[in-house]
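First up is the structure itself, then whatever we jot down about it.
The values are calculated or read from the model by the stated rules, or taken from the named source; none is laboratory data. Here the structure is a predicted model, which is why all the values come from computation and not from measurement. All Cβ positions, even for glycine, are placed from backbone atoms using ideal geometry, and neighbour counts span all protein chains on display.
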Amino acid sequence: MKFIGIFLFALFLSIFYVGKAQVQPESYCSHLMDSDFTQGRSIHKSNHGNYTISKVLAHLKTDVYTGYLDATVTLSIKAKKSGNLAFDLHNNNQVEYVLYDGDTVPFTHLADKLSLNKIISNNGNHQVTIKYEGNPSTLGSRSYQLQHHNGVPVLSTLSEPYGAKDWLPTLQQLNYKTDTLELNLTFLKEFKSAANGLLQSRVEDGQWATEKWVHYYPINFYLVAFSISNYEEYNYTLNLREGDLFFQNFVYPENIDFERKRIDTTAALMHYFDSLFTPYPYMNEKYGHAEWEWGGGMEHQTMSFMGSFSFDLIAHELAHQWFGNLVTCGSWQDIWINEGFATYLNALGHERFSNEEGFRAWLKLLKDNAMRKPQLSVFAYDTNNVSQLFDYSTTYAKGAFVLHMLRKRVGDDIFFEGLRNFLTNYKTKGFATTTDLQKEIENASNLDLNDFFQQWIYLPSYPVVNYGWDGTNNQILLSLTQRSKIDDGTIFNLHIPVKLKGTERDTTIVVNLVQSEQKFLLSADFLIDDVDIDPENEVLMETKLVGAPSLYSSNFIDVLPNPAHSKLVVLSRSRSYLIENLGLFKMDGEQVLSMDYPNAQRFVEIDLNDFSPGVYILRTWYKGTERNARVIIK
Ligand SMILES: [Zn+2]
């Protein structure tokens, strides 16, 4: 319910796409919420990274009715330098024993850190087996949660950003990925599991079933997940540019008839992203969805968990398979790379499959959201503040809108070429920072984008631009001033499209505003009778018209008499332009009169007795089109 504007629009578009509205609004990626960390729990980030985990072999036996977990996990580790060996594992889990290369080893388990009485030496490969049990669902965290649908349990994990250790021994860092993941999930046999990679086998033994999931692509711990419930499957094959891809969906039985059609929208989006960027990153395995009880979704690698199957949520989580999973943000400070891209690719889905108006409306919503918290920067300086890390206005909406501005700055071809290079060049490393992204787009465009990244990513705020113009015939003098919304003194480097409008034609010129005050002489080869600043809403700024009186001799609106004394008649010269709304403004922009005419009229009369003498701007609207006239009241 947090992002209601987006939701209502999503609702509208859902109707457009699949002919049936979603039942309830949703949020985007769910993530672990801040409240998880304000109830006496600390955010624990590893600082003992003298090794990496190359393989996880987990045997997890769960009681789906209580959440109880009985686990044996073997981690293959590669030592990077000598030192003590420790893992992240929540103290709620009782550790029974630890084996180091097959031998029992003493350990301590304090403050969510499992420390082995073992010094590892440089470059060694070792195997550590940890046997533990407990009930992570009692933590009250989203990281491992037992919930219910239709009276049936659903047990799901959600580890982003720091929650994997609640149920799995880890080394939670954003500087390496695990090469191989094998999850052996044991649960009552009336249930099914959904997890990363491919389901290799299901073996039933008495009342239990064990399903073995294997994933042979590099994966970070926050993307490891499973969910167990009485799922039904809806599976088929998608034909992509590098071949066939298995598409596997785990849906509640009570929803499957309704959701099939909505799930089918994935195919078009998958084809689009697969052709626009690099091929789908996990071709040898699958892409899939599993339904869960959280309102939003989470892009678990090859298996997104979904609160619903709306077009927007499908697009967002699918986009993460490239931006977030294949190439992961290089630090949590760079989380906007995951979320800004996923949000922008959702917008690209609208651009591709909706009409121009739909895409424009989506961008406008993003822009409105992006301006909600001018005091925050897209770059997340404080990674301990999880709710700020995943702040929708900033990390998602502003991140996405900045990407749109970047696209406009460098042009479509270079923008998408730069993104393909970004994915290609960082997929092996698996991580990329804001600096890396800037470098790739600069290389592709040959432009210095330092100002751009500084002002939109690293600094907070956005500009407030006042504009006015004056001129005659085919030439105008445009005056622009800017200040930072939060008055922090930032002067923005802005490329602002200015549309010069004539009665029959128009033209758009981009001006580069780099000072607090600048004037631009602009000309067209036709008679200019109106000027529009940033007509397509492509710059993150607030604009305000300040007077330009000599231009208000409108061709469309007559005001009689002018100068006027006690009454004024406003008359449209065109049969196709009526008056729906009317406003009277002082020259400093203050509105002194607002009138609505539910039955649009060709002419209206207004009473001027309440207004002091002076020069005013009279403005009328009809179907979104604005007309202005200059009025003198005596
Ligand atoms: Zn997301």
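At-a-glance table
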| item | result |
| --- | --- |
| Phe492 vs. criteria modelled with pLDDT of 95 or more, in a loop (DSSP other than H, G, I, E, B) and of a type outside the set (S, T, N, Q) | yes |
| Meets criteria (of a type outside the set (Gly, Ala, Ser), at pLDDT 85 or above, surrounded by 14 or more Cβ atoms within 10 Å (Cβ to Cβ) and assigned to a strand (DSSP E or B)) for Phe611 | no |
| Members of the range 460-511 that are of a type in the set (Gly, Ala, Ser) and surrounded by 14 or more Cβ atoms within 10 Å (Cβ to Cβ) | Ser461, Gly468, Gly471, Ser479, Ser484, Gly502 |
| Test for Thr394: is it closer than 24 Å to Ala225 by Cα and buried (at least 21 other Cβ atoms within 10 Å of the Cβ) | no |
| Residue count for the range 218-230, restricted to those that are surrounded by 21 or more Cβ atoms within 10 Å (Cβ to Cβ), of a type outside the set (A, V, I, L, M) and closer than 18 Å to Asn150 by Cβ | 2 |
| Selection from the range 265-301 of residues that are touching a Gly at 6+ places or on another chain (Cβ under 6 Å) and either part of a loop (DSSP other than H, G, I, E, B) or among the aromatic types (Phe, Trp, Tyr) (or both) | Glu285, Trp294, Gly295, Gly296, Glu299 |
| Among (1) in contact with a strand residue (DSSP E or B) (Cβ under 8 Å, 6 or more places away or on another chain); (2) in a helix (DSSP H, G or I); (3) within 16 Å of the ligand (Cβ to nearest atom), the one test that Thr328 misses | (2) |
| Given (1) within 16 Å of the ligand (Cβ to nearest atom); (2) on the phi < 0 side of the Ramachandran plot; (3) modelled with pLDDT of 95 or more, index of the condition Ser377 fails | (1) |
| Residue ID - farthest from the chain's Cα centre (by Cα), chosen from residues in the range 77-116 that are of a type in the set (Asp, Glu) and closer than 15 Å to Thr170 by Cα | Asp112 |
| Exclusive hit being away from the ligand (no atom under 16 Å from the Cβ), buried (at least 21 other Cβ atoms within 10 Å of the Cβ) and modelled with pLDDT of 95 or more, set Asn235, Asn249, Asn239, Asn284 | Asn249 |
| Qualifying positions in the range 275-293 - within 26 Å of Tyr231 (Cβ to Cβ), out of contact with any His (no Cβ under 9 Å at 6 or more places or on another chain) and of a type outside the set (A, V, I, L, M, F, W, C) | Tyr280, Pro281, Asn284, Lys286, Tyr287, Gly288, His289 |
| Test for Glu293: is it out of contact with any Phe, Trp or Tyr (no Cβ under 8 Å at 6 or more places or on another chain) and within 14 Å of the ligand (Cβ to nearest atom) | no |
| Strands (runs of 3 or more DSSP E) wholly inside the range 152-241 containing at least 3 residues that are among the hydroxyl-bearing types (Ser, Thr, Tyr) | 232-240 |
| Hey, Leu376 touching a helix residue (DSSP H, G or I) at 6+ places or on another chain (Cβ under 9 Å), under 28 Å from Gly430 (Cβ atoms) and surrounded by fewer than 20 Cβ atoms within 10 Å (Cβ to Cβ) or not | yes |
| Pairs, first free of Cβ contacts under 8 Å to residues at least 12 places away in the same chain in the range 319-331, second of a type in the set (A, V, I, L, M, F, W, C), C-beta under 9 Å, six or more apart | none |
| From the options Ile579, Ile606, residue that is assigned by TED's automatic domain parsing to the domain that holds Val559, over 25 Å from Ile533 (Cβ atoms) and among the aliphatic types (A, V, I, L, M) | Ile606 |
| Residues (touching a Lys or Arg at 6+ places or on another chain (Cβ under 9 Å) and within 16 Å of Thr278 (Cα to Cα)) located in the range 323-374 | Leu326, Val327, Thr328 |
| Some residue of the range 332-348 being away from the ligand (no atom under 14 Å from the Cβ), over 22 Å from Ser159 (Cα atoms) and assigned by TED's automatic domain parsing to the domain that holds Lys429 | yes |
| Listing of helices (runs of 4 or more DSSP H) fully contained in the range 351-451 that carry 3 or more residues being within 15 Å of Phe323 (Cα to Cα) and either β-branched (Val, Ile, Thr) or touching a Ser or Thr at 6+ places or on another chain (Cβ under 9 Å) (or both) | 399-410, 412-426 |
| Only one of Thr433, Thr424, Thr383 that is away from the ligand (no atom under 16 Å from the Cβ) and modelled with pLDDT under 95 | Thr383 |
